[in-house]
Amino acid sequence: MRKVPFLTMALGAVLLFTILSGCVNKPKLYIYNWTYYTPTSVLRQFEEEFNCEIVYDTFASNEELYTKLRAGGTGYDLVFPSGDYTAIMIKQNMLERIDHSLLSNLGNIDPLVLQKASYDPNMEYSVPYYFGAAGIAVNTARVPQYEKSWSIFSRSDLRGKMTMLDDMREVLGDALVYLGYSVNTVNPAEIAAARDLVNSSWKPNLLKFDAEAFGKGFANEDFWVVQGYAEVVYEELPEEKRNTTVFFIPPEGGPAYIDSMCLLKGAKHVDLAYKFIDFIHRPEIYAEFTDYFGFPATVNIPARALKKAAPYYQAEELIAVELKDDVGPNLKLYDDAWLSIRVGD
């Protein structure tokens, strides 16, 4: 083994220490966000511009997010709940107030989205990230004939080749709007009717309820029809299969969401968190984000003129959707209905 001169070793040790010290001393921003929801390119640009490191964890449902945060000690700075859970977290004093003076790009946010955000229309505790809805992806090579409706899940000829989200409010909300009811109804009879529709007509044809692997399963053709989010489906889909994939939001409507950027109570990296919120709402960054996932730029108005890619669905498809509200103690009606659906899975 060749011997390394002492001086060379010493200089190498100093250099290594300097490099490691630089890495250790870099400020960190801790983010807890949905899976497939911020392009890596955007994260890396932020890190480079602000000389920091992003620690990025993901969740698959609002329930997962909420349960983890209630357990405490997560160390997260920014979290991305949907509107109904943002409302819950505001009531439970889990979020810091937003200081508008630290944000220069709030004027880019569409006032129509803020009107829908009835839980926080003045952005006191949250800044909208994206307004959208789950829809249906269909493999048209396998299913050439189909109706753009939630009724597709009642097709027994597709039994074992379809999935719906493992999400109580999404699935029951789809059934409610299909029956002509509100996704936020607290009428026990209407919720029971939605439960019965899922149990009798939809569930028998599903391979499973799945909030995590439906994108991969659709790409692998394990599933031919999935309820889910466009970004998850297309993130997994190879280019050659995109021309035989259709994604749509049924005209009956369905549950919609506004996912927002929220500063968690007790966040330790507040300065970086504000910088990230403002960074996302730069028009060119928001256009890059929505282009990457094939979204329309629903929240940021100036970004719409900067988009380079056609979205996988049109903003007009969101006209009939309804934002999920916090239904308070009436959530137990949904819990009980969902338990009935999931028993025996």
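The values are calculated or read from the model by the stated rules, or taken from the named source; none is laboratory data. Since the model is a prediction, treat every value here as computed from it, not as a measurement. Cβ atoms come from the backbone with ideal geometry, glycine included; neighbour counts cover every protein chain shown.
Quick notes on this structure:
- Every residue from the stretch 117-131 that is charged (D, E, K, R) and surrounded by 21 or more Cβ atoms within 10 Å (Cβ to Cβ): ASP120
- Number of the condition not met by SER154 [criteria: (1) out of contact with any Phe, Trp or Tyr (no Cβ under 7 Å at 6 or more places or on another chain); (2) without any contact (Cβ under 8 Å) to a residue 60 or more places away in the chain]: (1)
- The stretch 29-39, subset out of contact with any helix residue (DSSP H, G or I) (no Cβ under 8 Å at 6 or more places or on another chain) and at pLDDT 95 or above, residue nearest to THR74 (Cα to Cα): TYR30
- Residue within the stretch 303-317 that is in contact with a Lys or Arg (Cβ under 9 Å, 6 or more places away or on another chain) and either at pLDDT 95 or above or among the β-branched types (Val, Ile, Thr) (or both) present: yes
- Looking across the stretch 142-162, the residues that are of a type outside the set (Gly, Ala, Ser), assigned to a loop (DSSP other than H, G, I, E, B), touching a helix residue (DSSP H, G or I) at 6+ places or on another chain (Cβ under 9 Å) and farther than 18 Å from GLU317 by Cβ come down to ARG142, VAL143, ARG155, ARG159, LYS161.
- Failed condition for VAL299, given (1) closer than 26 Å to ASN108 by Cβ; (2) β-branched (Val, Ile, Thr); (3) modelled with pLDDT under 95: (3)
- Figure legend. Inter-residue proximity from the stretch 297-309: first residues in a loop (DSSP other than H, G, I, E, B), second residues of a type in the set (A, V, I, L, M, F, W, C) and surrounded by fewer than 16 Cβ atoms within 10 Å (Cβ to Cβ), beta-carbon distance below 8 Å, spacing 6+ or different chains. Indicated pairs: THR298/ALA315.
- The stretch 35-75: number of residues that are loosely packed, with under 13 Cβ neighbours inside 10 Å, farther than 22 Å from GLY266 by Cα and of a type in the set (D, E, K, R): 3
- Flag for ILE285 being under 23 Å from TYR30 (Cβ atoms), of a type in the set (Val, Ile, Thr) and at pLDDT 95 or above: yes
- Test for PHE247: is it touching a residue at least 12 places away in the same chain (Cβ under 8 Å) and farther than 26 Å from ALA87 by Cβ: yes
- Odd one out for ASN105, checked against (1) touching a residue at least 60 places away in the same chain (Cβ under 8 Å); (2) closer than 21 Å to LYS28 by Cα: (2)
- Counted as qualifying within the stretch 172-236 are the helices (runs of 4 or more DSSP H) with 2 or more residues that are touching a residue at least 24 places away in the same chain (Cβ under 8 Å) and over 29 Å from PRO311 (Cβ atoms), namely 188-197.
- Checking each residue in the stretch 103-139 for being within 30 Å of GLY217 (Cβ to Cβ) and either of a type in the set (S, T, N, Q) or more than 15 Å from the chain's Cα centre (by Cα) (or both) picks out ILE136, ALA137, VAL138, ASN139.
- Of all the listed residues (ALA273, ALA303, ALA256), the sole one being of a type outside the set (Val, Ile, Thr), buried (at least 21 other Cβ atoms within 10 Å of the Cβ), over 30 Å from PHE223 (Cα atoms) and in contact with a strand residue (DSSP E or B) (Cβ under 8 Å, 6 or more places away or on another chain) is ALA273.
- Residue within the stretch 132-143 that is farther than 25 Å from ASP291 by Cα and not β-branched (Val, Ile, Thr) present: yes
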